[in-house]
Every structure is written in structure tokens, then in C-alpha cells.
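What follows is a set of notes on a single structure, which appears directly below.
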Amino acid sequence: MSSMAFPPVFLILSIALFSINTKAQTNQPNAIALGSSLSPNDNTTSWLSPSGLFAFGFYSQDDGFAVGIFMLSQPETTVVWTANRDDPPLSSKATLELTLNGVLVRLRTDEKNQRREQVIIATTSGPASSASMLNSGNFVLYDNNSRVIWESFHFPTDTILGGQNLTSGKNLVSSKSVSDHSSGRFLLGMQEDGNLVAYPLNSSYASEESYWASGFYGYKSDLYLNRTGFLYLQVRGTDFGRLSQQRILADGSSAEQKNESHAIIHRATLGDDGIFRLYSHYFWSNKSSRVVVKWLALENKCDVKGFCGFNSFCALEGKEASCRCFPGFDFVDPNSKSLGCYQNFDEGHNCRENEASESITRYNITGPLENVSWINYPYSVLPLKEELCCKSCLDDCNCWAVYTSANECRKYKLPLKYGKRIEDITPMAFFKVVLENSNTPTHVSPPDRVNPEISVRSKNAPILVLASSLGSVAFLCFVFALSSFVVYKHRAHRYKKLLDSNVGLAEDFTLQSFSYDELERATDGFKEELGRGSFGAVYKGTLVLSAGSNKAVAVKRLEKVVEEGIREFRAEMATIGRTHHRNLVQLIGFCIQGSRKLLVYELMSNGSLADLLFKRIPRPAWRERVRFILDVARGVFYLHEECGVHVIHCNLKPQNILLDDTWTAKISDFGFARLLMPNQAKLSTEVDGTSIGYFAPEWQKNALISVKADIYSFGIVLLETVCCRRNIELNVSTGDEIILSSWVYHCFVAGELNKLVEDHDEQVDVTTLERMVKVGLWCVQDDPALRPLMKNVILMLEGAMDIPIPPSPELPHLAS
């Protein structure tokens, strides 16, 4: 047999053997019976495959546990699949059970062994009768006829194993890190055209955003990894003998396979660095093992777009890649430099001031920074030489970087995306920074920054003379004012002392003050935890009122006593004490006793909107969902325009929308945002993992934050409530459905809005559905100027205002 004919025949034999092996494994003696259970605290924490090389069960994740499939290799286990990978870690009290409905995790909530169920793996057709952890690394569920009705191979995370394939429309999403298996920053997807392409996860998925592609095209192609280590692309349904219809990416097989003293397992994984690799794991009978990288898609990590975040560039140091900030930027997180950089000064409103204010803030051009590139398109290309190009950038508020070459000047806005160092490129890059003598914070040079070579400053002698004259007059006025101040100093001191003694009462007169002992008794020693947020845990309690009746409350115990926690606590006190609205969670009182700081809220007995939409079955009815949307809209409108102090929530999401005993939706946690004062340029807030996807693009662009940021978040919440699914969903049938706003827009344009609700609702008012979708699409526009104010949002939702056809929204930018 010729060498050219060997691979096709070998593939046919491999698939035939795989089919026989799978059928034989349905009657494995290690079948897992109904009612079997696992617990992190028991001797049995996982179910093993017959070979003992794979296990399904609990493994350590952060400060808790996750459920998944892992390879029991030395010196540590290798996780190949994780269930519900983006959910919080499970506690040590979790119990995993095999039931008729699939594999469930049960969480004990109190000492009486009352339990709450959360589905981890669900069957797709009929009741389950048993399960098996196969030698292939595939965990399967069987029905009464020993037919496979669910298998982990159909829901890959970041890995495919020998015998597994990645079908058209399926994706691999990298893990955050080697130890954190939640969704990371990169995606490898089988496109409908058959091309296997890698992108940054939160990109536009345009061709210029990809950083690796197979270059193989064929309608409905699949990626296969067979048990002998061949990784190849195959057009589904074609003759295996036609090499023109397949492409072998890698051959992980080895002569070592002929040695029967060890076993070999092959896996292909999209790493947390974005590189797709093929590994071979060797296991010997003496329980030793080793792993070998057989193939990798890219050698240079800097070729991975998104390896370094926005406004930074990737540079190789030997064989290692590192991220560096462009001049004028600092790392968002110095401990995680891949997250990108932000401007280390606030240009505020100074750029657009008139010429008379040029002395307030002056800019400088620094450079050149050679051999760097980014993928942004210039917004302006001018026939200017280097010096005039830099001068043009200084005079342009939109310009923050330029490329100059010959007589061409290319100007760029922020952010700068996917920067990297490339040797021997002709254009030179210059950047706009703040002069060190300006009133804004000075810039700290990154490692590759060079000394400024070009500086353009405003020089206007007449204005300087006038300033000197005015300065003399101002000095005389100052002397007079100082004299007056000395005369009335004792009065001012007395007034200040009086004001200080009453300011706390002025702010807090509507709130009740509790002692720590009172709240400890009310919560029975902080026994029943309702939830946990960025600033601490929330406990259920009961207050005894003066009339002898009881009132159920929720007590938030702030666990951060550092300066930031205290500042946020005072902001919430001052803000919530002044707000009263039907759709806002009411703050009842507070406790400040030494380092102990607590808040007392009205109890919201029906949990959060997130639980109702994403976890409970059946989903809420259509009319209820419409009512929830209007409740949230009215609450946001009150915060923005009706309350005494205008507030930007800054962290609006379904987890922060709670439901009382009448199923009224109320907004919580708005007090942690700063008050929106006139001329205030920016806001800041603490971002936790559940906030990803709800932040407006201007957060990442370092732009001004206004009420329009809340409008964007409301738009995401609206679309999630309409569709009863999360904004970002990886377990979907096609790649177009991953990003909710993009999928909704495609359904809207195609006139297929019924697809958004067909899985969970039978009676939907089509007119209302279209109105909701159009409002949501307007709210999630990338440009804040296109988003409507909340007053108009309510009018459109109620049908009192016409809604124009919305343009296509940009894909959402995730907060890093």
C-alpha cells in the first residue's frame, strides 16, 4: 500500500474501532447507578474510568470546588472539561447525585438538611438510568435501552480529546488561567465555511480581528482528533479516500505507541494564552507519566491578538512575551499586565477649551517609538511631514497617536488595539502625552518609552503681560481679603464648629441607628446568608418593633474596613437615605461600631431577577417580564432625574434587581455609585465577575461616564429579560447566538423575532415584543449619543412614542 493511501484507510479503521469501542462501553461493569452521589468531604469525590486515567467529579477551584472531567496525571491533574464553568465555586457542603433528570448538584442550606437544587448536567431526551466515565474521557448518560442520551463530548469547553470532534458552529473557549477554568479571553471556532479560526473572545469577529486560521474551506467541516493523535479537518459526508477534502493539521502519533508498557492519551487545547496546541500524555505501569507538546498553531505569543490588552503592545524577550504600555498609559492591573493600559491622566474638558485656557493643560508629543504596530484604522490620513503631523495631532482632540512615514501622516483615536513589536517596519509612532508642568498628574515612562524629541507649546507674549498685571491686582485683593478674614476668624471658627456638630444629623435623620448587638440578635448570630457581593455578605434577620410586631430585614455586613470600603459605605449612607421610590430597595438603618459597619434593608423575599430568568423553571410569563422591565425603567428614571441628588447606578445588572413579596422589581446597590454632580467628569466603581458584559463601551475607552452608561446596562437587562438568557451564552446551537444583542439584531432584521421566545413562551404579544426589542437595540448602541434618555425609554416602552428602526449595535466590550 502506498504512503499516500495509508492515512485515509487508517482513518476508516480508527473510526470503525471507535464505533465498536463505544458500543462495547455501554455495558461497562463500572456503570454508575441511579442515586449514586459524590461529595468533596467524602472518600469518594469522583467516578473513575475503567483505566483509572480519567475521573468525573469534584476538583478544587479557587476557594471552593468545581465539577468536571480531569486526567489523573502526575504530578498534578489536568482538567479537560468543566460543567457550568462560569458559575461561582461550590461549597464543601455540595453533593453531586445521579438522578432521573441527569446529574444534579444539591446544596444544603441549613442544619435541617433542607436543600436547593441546581442542574449541572441535564438529559436531552427521556429519563436517565445510568452513567459511565469512559476511557476516552467522555462522560455519558444512558437510558433504559443503554442508548447514550447525553455526553460531555457534545459540549466542549477548551479541550477536545482523542475520538472527539468539533463540529460546525461549535467553539472552544480558553480558560482564564491554568488554575481557573472559567471562560478566558480567546475563542477557536468552526465557521460555517469550514475554516477553523481563532479570535479574541470579545472582538467583532471580523477577518482582521482573527490571529490564526486553518485556511481550509468546506461546507460544514469538522475538526477531528482521533485516538492515534491525528488532528485534521474533514468535510462532513465526503469520501475519506479523497485527500482533497481533508487537511491534517498535526500528527501526534509516535513510534512509542508500539510499546505496550504504557498508554497514550491525546488532547488538543486552546490555552489561556490563545494558542491551540496538541498534547500527548504518556502513562507507564509504574504510575509515572509525562506530557509532550506535539504541535502548536503559533510559535510567537505576540501573534495572538488580545494577548496584551488595549493601549499596550506585546514584545518578545528571548522566547517569552511581555506586555508594555504605550507612552501616556499605565497598566490597569500591574499584577496582570495582559489586561491592558489606561491613560494615566484625565484630559477632562481641557482639550476643548478656547485658546485663553491653553495655560491650564499643555500637551506634548513623545517619540518616536519604533517597530510597533496596531490594527486600528486611521480616522484621518494627511500628506504631512513628521513635524507638521505631530503639530496636527496636538491641535486635534481626537488624536492620541500618529504614524509618520515619508510624507504621510496617519492619525488614530483610542483605544489602540492588539499592539505588538515587529522588527524592521518603516513607520514611526508618536503619542500625545501631558507635559510634566501641567496641573494633571505627570506621566511615568514605560520601559520602552524614549525621550521626547518634539515639543509644541503655546507662546503668547501679550497674554503673559496681561497675566502679570492681573496677578498684581489679585495680590492686592488677597491682602485685603486676608485682613478681613483675620477680623472675623473667631466667628468663622464658631460657625464651622456648629456645622460639624449637625452635619451627620442632617444627612441621616431618615435612617435608624442600630447597635451591633441588636443586629447580631436580629440575625441569630448572622446565621442565614442570603448572598454575597463585592463589599460583604447579606444575612436574613428579624427586627422587633416598638409595637411588638416583627419586621423581616436583610442585613449587609461590610467586610472591607480599608479606606475604600469606608468611603463607599459613607456614599451609600448619604445617597440611599435621601431616596424613596417604589422600585428602589429601601434602606432602613445602619450600624457604625468601631470597625463593624452594617446596613439594614427591607427584605426582598423572592430573590433576584437573575435567579428568576436564568435558574428557575418554568421561566416567568411574558406579561410578568414586561412588568419587570417597566419597574426597572421607572427606578432608573427616578435615580437619573427625579430624586434630590442625581445618581448613576454604574453597576445595573439582573443580580442587582430584587423582587419583593408582591413580585415588584426593585433596584439595589445603587448607593455604591458616586453622586453625579455638575461638571463631574468621571465615576468609578468596583467591578466583580458578575458585572462583565453590562458595562458600556465608554468604560473601556476611558471616556466620560454619564447616565448613558446606565442606559446601556438597562438595554442588556431588557434583552436578557425578553429572551430569558444571559447576554453571553456559549452553549448555543450557532456562533451567531453567542452575543445576545447581535443575535437579537439579526432576528429583528430577518423578521424572525419568534426565535427569541419560542423555547419558553407560548403567548407573546408580537407588537409588544417588537417594541421591546427596538428599545433594547437603541439602548445598547456603541455611541452614547444614540442612546435615548430614560424618560424617552419609558415613553417608547409604553407605546406613547414612535420608535425608529435601530441601527446595528456594536458587539459589547467586556470590562477587564
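The values are calculated or read from the model by the stated rules, or taken from the named source; none is laboratory data. Source: prediction; values computed, not measured. Cβ atoms come from the backbone with ideal geometry, glycine included; neighbour counts cover every protein chain shown.
Listed values, structure above:
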{"quantity": "Those strands (runs of 3 or more DSSP E) lying entirely in the range 384-438 with at least 1 residues surrounded by fewer than 14 Cβ atoms within 10 Å (Cβ to Cβ)", "calculated": "401-405"}
{"quantity": "Residue tally, condition assigned to a loop (DSSP other than H, G, I, E, B), among the aromatic types (F, W, Y) and at negative phi, over the range 192-212", "calculated": "1"}
{"quantity": "Inter-residue pairs, beta-carbon under 7 Å, first over 18 Å from E386 (Cα atoms) and modelled with pLDDT of 90 or more and in the range 407-418, second in a strand (DSSP E or B) and of a type outside the set (S, T, N, Q), 6+ apart", "calculated": "L416/A401"}
{"quantity": "P75 being out of contact with any Ser or Thr (no Cβ under 6 Å at 6 or more places or on another chain) and either part of a strand (DSSP E or B) or not basic (K, R) (or both)", "calculated": "yes"}
{"quantity": "Residue list for the range 95-150, restricted to those being polar (S, T, N, Q), at pLDDT 90 or above and either in a loop (DSSP other than H, G, I, E, B) or in contact with a Lys or Arg (Cβ under 6 Å, 6 or more places away or on another chain) (or both)", "calculated": "N135, S136, N138"}
{"quantity": "Selection status of N311, free of Cβ contacts under 8 Å to residues at least 24 places away in the same chain and either in contact with a Cys (Cβ under 8 Å, 6 or more places away or on another chain) or in the same structural domain as M190 (by TED's automatic domain parsing) (or both)", "calculated": "no"}
{"quantity": "Filtered residue count, the range 259-307, keeping only those that are closer than 20 Å to G162 by Cβ and without any contact (Cβ under 8 Å) to a residue 12 or more places away in the chain", "calculated": "3"}
{"quantity": "Some residue of the range 415-427 being basic (K, R) and more than 16 Å from S312 (Cβ to Cβ)", "calculated": "no"}
{"quantity": "W663 being surrounded by fewer than 21 Cβ atoms within 10 Å (Cβ to Cβ), in contact with an Asp or Glu (Cβ under 9 Å, 6 or more places away or on another chain) and more than 30 Å from E518 (Cα to Cα)", "calculated": "no"}
{"quantity": "Selected residue [touching a Cys at 6+ places or on another chain (Cβ under 9 Å), at pLDDT 90 or above and not assigned by TED's automatic domain parsing to the domain that holds G194] from W743, W778", "calculated": "W743"}
{"quantity": "Filtered residue count, the range 659-701, keeping only those that are assigned to a loop (DSSP other than H, G, I, E, B) and at pLDDT below 80", "calculated": "18"}
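Yes/no matrix, rows are residues, columns are (1) modelled with pLDDT under 75; (2) assigned by TED's automatic domain parsing to the domain that holds V197; (3) crowded, with 22+ Cβ neighbours inside 10 Å; (4) assigned to a loop (DSSP other than H, G, I, E, B):
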{"residue": "L223", "(1), (2), (3), (4)": "no, yes, yes, no"}
{"residue": "R227", "(1), (2), (3), (4)": "no, yes, no, yes"}
{"residue": "Q234", "(1), (2), (3), (4)": "no, yes, no, no"}
{"residue": "D239", "(1), (2), (3), (4)": "yes, yes, no, yes"}
{"residue": "A250", "(1), (2), (3), (4)": "no, yes, no, no"}
{"residue": "S253", "(1), (2), (3), (4)": "yes, yes, no, yes"}
{"residue": "E260", "(1), (2), (3), (4)": "yes, yes, no, yes"}
{"residue": "I265", "(1), (2), (3), (4)": "no, yes, yes, no"}
{"residue": "A268", "(1), (2), (3), (4)": "no, yes, yes, no"}
